[in-house]
Structure formats: structure tokens, C-alpha cells
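**Student:** Got a structure for you, written out below as C-alpha cells; questions coming shortly.
The values are calculated or read from the model by the stated rules, or taken from the named source; none is laboratory data. Note that the structure is predicted; figures quoted are calculated from it, not measured. Every residue, glycine as well, gets a Cβ built from its backbone with ideal geometry; the counts of neighbours run over all protein chains shown.
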Amino acid sequence: MTKKQPKSDATRRRNRVDSSTRQPKPPKSDPNNFHGSNNHHFLAIIAVVFVVSSAISAFLYRRINHPSLPPSFAHQRGLVKEDVTFQEILTENSRVSENVTQRHFTNPVLAYITPWNSAGYDLAKRFCPKFTHLSPVWYDLKSQGTKLVLEGRHNADTGWMSELRLRGNAQILPRVVLEAVPKDLLRSKKQRDKAIDLLITECKDIGYDGIVLESWSRWAAHGVLHDASLRKLALQFVKQLGDSLHNVRSQRNGQPLQLVYVIGPPYSESEKLQAHDFGPEDLRTLSDSVDGFSLMTYDYSSSYSPGPNAPLTWVHSTIKLLVGEGGKSLANKIFVGINFYGNDYVVAEGGGARAITGRDYLSLVDQYKPTMRWQKDFAEHFFVYSDDQHHEHAVFYPTLMSIAERLKEARSWGAGISIWEIGQGLDYFFDLL
């Protein structure tokens with residue numbers, strides 16, 4: 001696998017929604033190889049990247065053993081295919097089945113919604129029966145001197161929550177990013193207890209069904225997880241939080257409050273986990289206290305190495321590495337990450353990239369009327385175009401086929417999915433859920 005460097009979840013996620021230039025990484029290939037009108041150079045380099053991946057065999061296994069997807073409205077119209085055209089995308093993307101209560105992916109579905117991309121609020125209401133968990137991105141738990149403060153209540157939209165609950169049974173678990181100074185929090189029992197009290201009090205006051213917590217990547221970035229004693233305290237804190245939430249009942253349905261924990265994919269080049277990686281032993285340690293693990297299987301490529309957002313070979317090998325040998329029974333607690341955003345890469349010298357939403361994507365497709373290309377090695381579509389300055393671009397954005405393949409992957413493990421984030425997708429994506 002391509003080596004990555006850990007960065008905080010908050011930074012990674014805001015890069016996905018603000019359409020900002022990605023943080024530069026060391027170049028993995030000469031950008032000049034992508035310059036010019038001949039796309040064969042681009043295809044060749046992409047192929048080389050994935051030929052060296054040990055996950056190719058896993059991809060072949062997946063193709064043989066996965067069950068077929070139940071028929072959806074998009075399948076019935078013959079739109080879920082490799083040879084999709086730009087005309088079909090422009091014409092069909094807003095057409096969806098009138099029956100939004102029918103689920104085609106019956107495992108858990110966690111959908112994120114962000115305040116800075118408000119379309120997600122309406123989509124959450126419209127397709128509410130498709131989701132089992134909805135996570136509005138509302139909160140940060142921060143240090144303020146020697147105290148802890150939970151920021152974000154001003155984001156909480158109780159009217160929207162009430163509408164959701166009239167339309168479906170999805171549980172509402174707001175995302176909380178743990179921004180508190182890691183060493184101060186973990187080394188102080190008083191601070192750990194206070195953090196848990198703040199979170200449980202907020203759940204009671206607003207009427208949440210639990211929370212989604214992000215902390216692991218932040219701890220990794222601060223070097224906390226390289227210290228064995230602090231790493232142990234980190235796991236103990238997550239366990240304590242989960243157990244404490246389970247001791248409180250939801251005001252809505254009387255069920256224990258839930259904890260979903262966000263984890264990143266391993267960043268190592270091989271199957272040898274690094275100290276900061278969340279691995280199979282961590283999964284087993286937390287499995288009784290955590291109700292689900294939101295696995296961020298996206299952001300694989302970078303502006304210095306344009307390519308797929310989440311090659312399916314890599315997704316498969318990541319899940320396999322995480323659950324460990326004989327640990328497939330724990331896969332049912334994993335929400336396999338699926339991106340509803342894309343990337344527009346400049347593949348000329350100097351590189352550059354911007355994250356794009358469905359609206360951006362449709363604008364590009366309408367303007368350049370490209371030929372859609374499918375690469376089986378990573379199961380994603382892309383297209384290339386030249387802008388007004390004659391700079392060549394490569395655009396990777398989800399399609400019905402790429403999403404369907406990832407749903408098959410999750411289903412084969414008995415896993416759920418988590419979507420970052422629904423406001424960036426196209427309407428007909430929801431037909432597959």
C-alpha cells in the first residue's frame with residue numbers, strides 16, 4: 001500500500017468539504033508523466049501503482065465470492081454499469097425511486113451531515129428510512145485552560161431531529177471531535193470523568209441516541225499512541241465512555257445510548273502495523289464497549305499522486321488487516337467508509353487538487369462531455385479534460401457502479417457502511433441503499 005502520514009480527523013474531513021487544496025505530500029511519481037493530451041501515460045502510471053499492491057488477489061476473490069446486489073430502481077434502468085456515459089449521468093442523476101422506504105443494503109448505514117454543506121439536512125429527511133444512524137457534525141470537546149468545554153450546541157437543530165423521527169427510525173448520534181490536549185486528558189482521571197459527564201449530559205439535554213467520537217488520529221498526530229502507557233489509557237478512556245453511555249437510556253426508545261468510534265485505515269506500507277495504527281487487537285479490546293467503528297476508507301490518493309479515492313483492493317485489504325485472522329465475526333461492527341465527494345486533480349507539472357461535490361461534478365461533465373473510463377483494478381470511474389490554460393485534469397468522483405461494488409464488499413464481510421457525507425452526493429446514489 002502507498003505510505004500515508006496520519007493527520008487529524010478534523011483536518012482530513014474539512015479538506016473533503018471545503019474544496020480546498022490538499023496538504024502536499026512527497027511526490028510518488030513525476031507529474032510530467034501526466035502532461036499532454038495522451039491519456040495512456042496516466043493510465044499506465046495508475047496501473048503500476050496498483051499492480052504492486054498485494055491486494056490484487058483479494059480483488060479477484062471478491063469478484064468471485066460476493067453475492068449480487070438486490071435490484072434497485074437504478075439497476076432496473078440499467079445504469080449500474082462500467083460503460084456509463086456522460087449523457088446518462090446528466091439525464092438520470094436526479095431520478096430516484098418513489099419508494100424511499102425500501103432498503104437494498106440491509107446492513108447498518110451511517111450517514112454524516114455537515115453544517116457547511118446544508119443539502120445533507122434535506123437529503124437526510126428525504127431518504128431517512130435508508131439510514132440506521134445519522135451523524136450531524138456539530139461538536140468539539142476542547143481544553144480551556146485546565147477545564148474542558150463542549151462546543152457546538154448552537155449547531156443542534158432539534159426541529160430537524162423531530163422531522164427525522166417522524167420519517168424513520170434512524171438513531172441520531174452527533175459527531176464529537178476530541179480536541180482536548182491529549183496528554184492532559186488521558187493522564188487525569190478528573191478530566192476523563194468530566195469529558196464523559198459533558199457528553200452524557202448533552203445527550204440527555206438534547207435527546208440524542210449516543211455519539212460518534214473522533215480522537216484516534218488526533219492522538220496519533222500528537223505522538224500519544226507511541227507511548228505504551230498513554231496508549232493503554234487511550235483505550236481505557238474509550239471503553240469507559242462506551243460503558244458509561246450504555247448505562248444511560250435513550251429518551252426516545254429506552255435503549256442504551258450508543259458509541260460509534262471513528263478509526264482510520266493503517267498507514268503502513270505492509271501488513272505490519274505501526275504503533276499509531278488502530279489494529280485488530282484494539283478492535284477486540286473495545287468491541288464490548290463500542291457499538292460500531294466508522295472506518296475511513298477514503299482519501300487514498302493525493303495531489304502529488306492523482307488516482308482513486310478508495311481503490312477497492314485497498315478497502316478489502318484494510319478490512320482484512322483490521323479484523324485479523326479468524327476475526328471476521330467482528331466485521332459486523334465496522335461501518336466501511338464510502339465517499340460521496342470526489343477530486344479534480346491537475347496532472348500537469350506542479351500538480352494541485354480540489355475536492356468536488358456532486359454539483360461541481362455535474363458542472364464539469366456538462367461542460368467537457370467526457371468519456372468515462374473504468375479501471376477494474378480499483379473499481380472507480382474517472383475522466384480527463386483540459387482546461388482553458390491547457391492544463392490536463394483527472395477527475396475521480398463516485399458513480400453508481402463504484403458505489404455498488406463497495407456495497408458488495410461491505411456485504412461480503414457482514415459490515416455496514418458510513419458515508420462522508422451525504423450532502424455531496426447525487427440523488428440516485430440513494431437508490432442503491
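**Student:** Is the stretch 153-174 home to any residue that is of a type in the set (Gly, Ala, Ser) and part of a helix (DSSP H, G or I)?
**Tutor:** yes
**Student:** Can you name the number of the only condition in (1) modelled with pLDDT under 95; (2) crowded, with 16+ Cβ neighbours inside 10 Å; (3) more than 27 Å from residue 319 (Cβ to Cβ) that residue 252 fails?
**Tutor:** So residue 252 meets the others, but not (2).
**Student:** For the stretch 192-242: of the residues being in contact (Cβ under 8 Å) with a residue 12 or more places away in the chain and hydroxyl-bearing (Ser, Thr, Tyr), which is nearest to residue 265 (Cα to Cα)?
**Tutor:** By that ranking, first place goes to 217.
**Student:** Further question on the same structure: Can you name the residue in the stretch 416-433 that is assigned to a loop (DSSP other than H, G, I, E, B) and surrounded by 24 or more Cβ atoms within 10 Å (Cβ to Cβ) and, of all such residues, is nearest to the chain's Cα centre (by Cα)?
**Tutor:** Taking the stretch 416-433 and keeping what is assigned to a loop (DSSP other than H, G, I, E, B), we get 421, 425-426, 433.
In the following step, the residues that additionally are surrounded by 24 or more Cβ atoms within 10 Å (Cβ to Cβ) were identified as 421, 425.
On the way: 421: 8, 425: 13 Å.
Filtering first and then ranking leaves 421.
**Student:** Which of the residues spanning the stretch 378-405 are assigned to a loop (DSSP other than H, G, I, E, B), of a type outside the set (Asp, Glu) and free of Cβ contacts under 8 Å to residues at least 40 places away in the same chain? First the steps, then the outcome.
**Tutor:** Narrowing the stretch 378-405 to residues assigned to a loop (DSSP other than H, G, I, E, B): 378-379, 387-391, 397-399.
Those still in the list that are of a type outside the set (Asp, Glu) too: 378-379, 389-391, 397-399.
389, 390, listed by residue number.
**Student:** Criterion first (touching a Cys at 6+ places or on another chain (Cβ under 8 Å) and not charged (D, E, K, R)) does residue 210 satisfy it? So that I can check it myself, show each step before the final result.
**Tutor:** Details: touching a Cys at 6+ places or on another chain (Cβ under 8 Å): yes; not charged (D, E, K, R): yes.
Spelling it out, residue 210 is indeed touching a Cys at 6+ places or on another chain (Cβ under 8 Å) and not charged (D, E, K, R).
**Student:** Could you tell me whether the stretch 256-267 includes any residue that is surrounded by fewer than 20 Cβ atoms within 10 Å (Cβ to Cβ) and at pLDDT 95 or above?
**Tutor:** Of the stretch 256-267, the ones surrounded by fewer than 20 Cβ atoms within 10 Å (Cβ to Cβ) are 256, 267.
Checking the rest, the ones that are also at pLDDT 95 or above come to 256.
Yes.
Here's the yes/no breakdown for (1) more than 23 Å from residue 117 (Cβ to Cβ); (2) modelled with pLDDT of 95 or more:
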residue	(1), (2)
374	yes, yes
380	no, yes
389	yes, no
397	no, yes
401	yes, yes
417	no, yes
